[in-house]
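**Student:** Would you mind keeping the following structure in view while I ask a few things?
The values are calculated or read from the model by the stated rules, or taken from the named source; none is laboratory data. Just so it is clear, the model here is predicted, and its values are computed rather than measured. Every residue, glycine among them, receives a Cβ derived from its backbone with ideal geometry; neighbour counts consider all protein chains shown. For accessibility, only protein heavy atoms count, side chains too; no ligands or nucleic acids. Shrake-Rupley method; radii C 1.70, N 1.55, O 1.52, S 1.80 Å.
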Amino acid sequence: MVELAFQEQTKVLIDGLKGVCANYGLGNDGNEFKIITQSFLYKFLNDKFAFEVKQLDPNLAKAEKWEDELAAMAADDLEMLQLQMGADTARLKPAHFIANLFNQQHQPEFAKLFDDTLMDIAITNNDVFAVKTDGGAKVRLFDRVSEYIADTTKRDDFCRAIINKLVEFSFERIFTQKYDFYATIFEYLIKDYNSNSGGKYAEYYTPHAVARIMASILVPKEQQGKVKNVSVYDPSAGSGTLLMNVAHAIGEKRCSIFTQDISQKSSNLLRLNLILNNLVHSIPNVIQGNTMLHPSHKDGKDLRQFDYIVSNPPFKMDFSDFRDDLDSKVNEDRFFAGIPKEPAKAKDKMAIYQLFLQHIIHSLKPGGKAAVVVPTGFITAQSGIDKKIRKHLVDHKMLAGVVSMPSNIFATTGTNVSILFIDASNKGKVVLIDASNLGEKVKEGKNQKTVLKDEEEERIIDVFNFCDEEEDFSVAVSYEDIAAKNYSLSAGQYFEVKVEYVDITPEQFEVKMKGFQDNLKSLFEESRKLEGEIEKQLAGVKHV
């Protein structure tokens, strides 16, 4: 009940902040998501700090106004208190507290005080909370929020409206909640800002069903809580849905997240997701930049390799402006199957997923595991880069299997998708699942999407992890079987072809054969008539 109550209160807060933006002309503005997410983050960091200091100092927990009690502490005592706090909690000064801004909201130039406060929090915590770019620059936690209001006379009122929303309730009672709670909150927070309307670098939200299936197959139940000190990487991370599911399966304290994504917006959303999910220690590993052109996670001069990799990369994109830069000797091993050529037309259809997939294979540790969303056409293509990649995976015995998903599992794209599971340690059977007939069709806005039931998700996960064979659903085949089928990874090509036998009497056999003969004779007679007619018509054709 407490969870549900706080979920509702949090949604009311988010809706309230959106209402403030709308009242000041920023509804659906490109900067709205920055204001919403940064205001929410300020609230979260403030309340997390309060939760931590009250755990460490019982006097603060008992105080009617903990902020006043803490502000009255000697500087040495305050420093000692902060030294005892967890590394994932932002360090705040008394001047940073929401209560302090609330009490000063009627002072002149309140907007400047509001912005200065956020900027000082960002600077104080820059080493832990800043996201880096592939050029080495650091992207701070906060912007000067009031400057998104063009009319300077309205900035003070705008910041007052925000601080009055933030003071309405406290998150303190929910910091013991687990992943599922924060996943719900995060999804509600970003639902209007993580769409496919990003133009060239469009972002596609990965459905939770797909993310759960990938995580549960990469880290089966019997391994959860046992795997530790491992690295998890996503070279096209988006807001981090896939990473959060895998980190939750492994255990947030048992793994380190590494990411790169070209989108600044996605990197900021991912940082917020990491903060909500006790993965602050991984924020320094978040890189905003072009993974194909400037891969930033390195081990010396070589690309770093990882224990687990998950990814839902863009399938098609115009990368003609840097395609030739990739075609160099330094990238020969990374792009072992080739780099798509620049077409004369339809450059936006260039298959960039082929580059991501090769990059992932190259970035996997010996014995590592990966799960990648690919277009279903990849698993059967008879030539080109797709087939070369499949041949590489089969010949090097580094496949776990493929799950072909139902159509419209992504509401934002009509492309059929499959999940490719790579396992560099699997020398046995490869599991191929055709799940295309599962799910229920529902409308989502103007789009139709397919939703899997819980039991259907469990069926896919169990069949895969136990290498079960089910009629017209799954097969477990050898690498030699796959090579003999021209490296096809489509389950349907391995299903047994059934021949049905029917017992008939000799008299029934004679009747059927006579029927076939009469029908054939009739077709031959018709053919001869047509031949004669065609010859007659041709004989009548004259030159004019």
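**Student:** In degrees from 0 to 90, rounded to the nearest 10, what is the angle of the helix 353-362 Cα long axis to the longest principal axis of the chain?
**Tutor:** Rounded to the nearest ten degrees, it is 70.
**Student:** Under the √(5λ) rule applied to the eigenvalues of the Cα gyration tensor, what semi-axes describe the equivalent ellipsoid of region 425-530? Give them in Å, descending.
**Tutor:** 44, 23, 17
**Student:** Let me ask something else. So how strong a dipole does region 456-530 carry about its Cα centre when Lys and Arg Cβ are +1 and Asp and Glu Cβ are -1, to the nearest 20 debye?
**Tutor:** Here region 456-530 has a charge dipole of around 920 debye.
**Student:** Another one. Apply the a/c threshold of 1.5 to the C-alpha gyration tensor of region 263-350 and tell me whether it is rounded, prolate or oblate.
**Tutor:** oblate
**Student:** For the chain, with every protein chain kept in place, what is the accessible area per residue (1.4 Å probe, Å²)?
**Tutor:** Per-residue accessible area for the chain comes out at 50 Å².
**Student:** Need one number: % antiparallel among DSSP beta bridges in the chain, to the nearest 5.
**Tutor:** Counting only bridges with both partners in the chain, antiparallel ones make up about 55 percent.
**Student:** Still on this structure, please answer the following. Pairs of Cα atoms under 8 Å, at least six residues apart: use those to get the relative contact order of region 239-383, whole percent.
**Tutor:** Reported relative contact order: 23 percent.
**Student:** In the chain, what percent of the accessible surface is made up of carbon and sulfur (1.4 Å probe, ligands and nucleic acids excluded)?
**Tutor:** The computed percentage sits at 49.
**Student:** How long is the gain from residue 5 to residue 536 if the chain were fully straight, where each residue apart is worth 0.36 nm and the alpha carbon distance is subtracted?
**Tutor:** So the extension gain works out to 182.4 nm.
**Student:** Where does helix 179-190 land angle-wise versus the long Cα axis of the chain, in degrees 0 to 90, nearest 10?
**Tutor:** Approximately 90 degrees, to the nearest ten.
**Student:** Work out, step by step, the length gained on full extension between residue 253 and residue 29: first 0.36 nm times the residue separation, then minus their alpha carbon distance; give nm to one decimal.
**Tutor:** So the chain would gain 76.9 nm between residue 253 and residue 29.
**Student:** Tell me the label-point distance for the pair residue 524, residue 486, using the 7 Å Cα-to-Cβ offset, in nm and rounded to one decimal.
**Tutor:** My value for the distance between the label points is 3.5 nm.
**Student:** Right, another one. By how many nm would the segment from residue 425 to residue 497 grow when fully extended, if each residue of separation counts as 0.36 nm and the alpha-carbon distance is taken off?
**Tutor:** Full-extension gain reported as 22.8 nm.
**Student:** Output wanted: per-residue J couplings in Hz (rounded whole) for region 444-450, from phi through Karplus 6.51 cos²θ - 1.76 cosθ + 1.60, θ = phi - 60°, x for Gly and Pro.
**Tutor:** 10, x, 8, 9, 9, 9, 9
**Student:** Regarding region 295-422, what whole-number volume in Å³ per residue does the convex hull of its Cα atoms give?
**Tutor:** It is 123 Å³ per residue.
**Student:** Please work out how much accessible surface residue 385 shows to a 1.4 Å probe, ignoring ligands, DNA and RNA, in Å² rounded to 10.
**Tutor:** 30 Å²
**Student:** If you don't mind, another one. Ranked by accessible surface with a 1.4 Å probe, highest first, in what order do 57, 192 come?
**Tutor:** 192, 57
**Student:** Relative to 2.2 N^0.38 Å, what does the C-alpha radius of gyration of region 145-185 come to as a ratio? Two decimals please.
**Tutor:** Ratio of Rg to 2.2 N^0.38 Å for region 145-185: 1.71.
**Student:** Any chance you could check the Cα centroid distance between region 19-37 and region 424-490 for me, in angstrom?
**Tutor:** Measuring centre to centre over Cα atoms gives 42 Å.
**Student:** State the percent of C-alpha pairs, over all pairs in region 6-111, separated by a distance greater than 19 angstrom.
**Tutor:** Value for region 6-111 (Cα pairs over 19 Å): 55 percent.
**Student:** Tell me the trypsin sites (Lys or Arg not before Pro) within region 220-304 that lie in a loop according to DSSP and have at most 12 other beta-carbon atoms within 10 Å.
**Tutor:** Those satisfying the criteria are 226, 228, 301.
**Student:** Could I ask something else about it? Normalising by the residue count of region 54-140, find the relative contact order in percent from Cα pairs under 8 Å and 6+ residues apart.
**Tutor:** Once normalised by length, the contact order is 18 percent.
**Student:** Let's test this: bin the Cα-Cα distances of region 62-144 at 5 Å from zero up to the farthest pair and state each bin's percent.
**Tutor:** Result, from short to long distances: 3, 13, 19, 21, 19, 14, 8, 3, 1, 0 percent.
**Student:** When only Cα pairs under 8 Å and 6 or more residues apart are kept, what is the percent relative contact order across the chain?
**Tutor:** 10 percent
**Student:** If N is the number of residues in region 1-45, what value comes out of its Cα radius of gyration divided by 2.2 N^0.38 Å?
**Tutor:** Compactness ratio reported: 1.25.
**Student:** Any chance you could give the angle, 0 to 90 degrees and rounded to 10, that helix 32-56 forms with the longest Cα principal axis of the chain?
**Tutor:** Helix 32-56 sits roughly 60 degrees off the main axis of the chain.
**Student:** In whole Hz and in residue order, list the ³J(HN,Hα) couplings for region 248-258 that follow from phi through the Karplus curve 6.51 cos²θ - 1.76 cosθ + 1.60, θ = phi - 60°; x for Gly and Pro.
**Tutor:** 3J(HN,Hα) across region 248-258, in whole Hz: 5, 5, 6, x, 4, 7, 9, 9, 10, 8, 10.
**Student:** Regarding the chain, what whole-number volume in Å³ per residue does the convex hull of its Cα atoms give?
**Tutor:** 248 Å³
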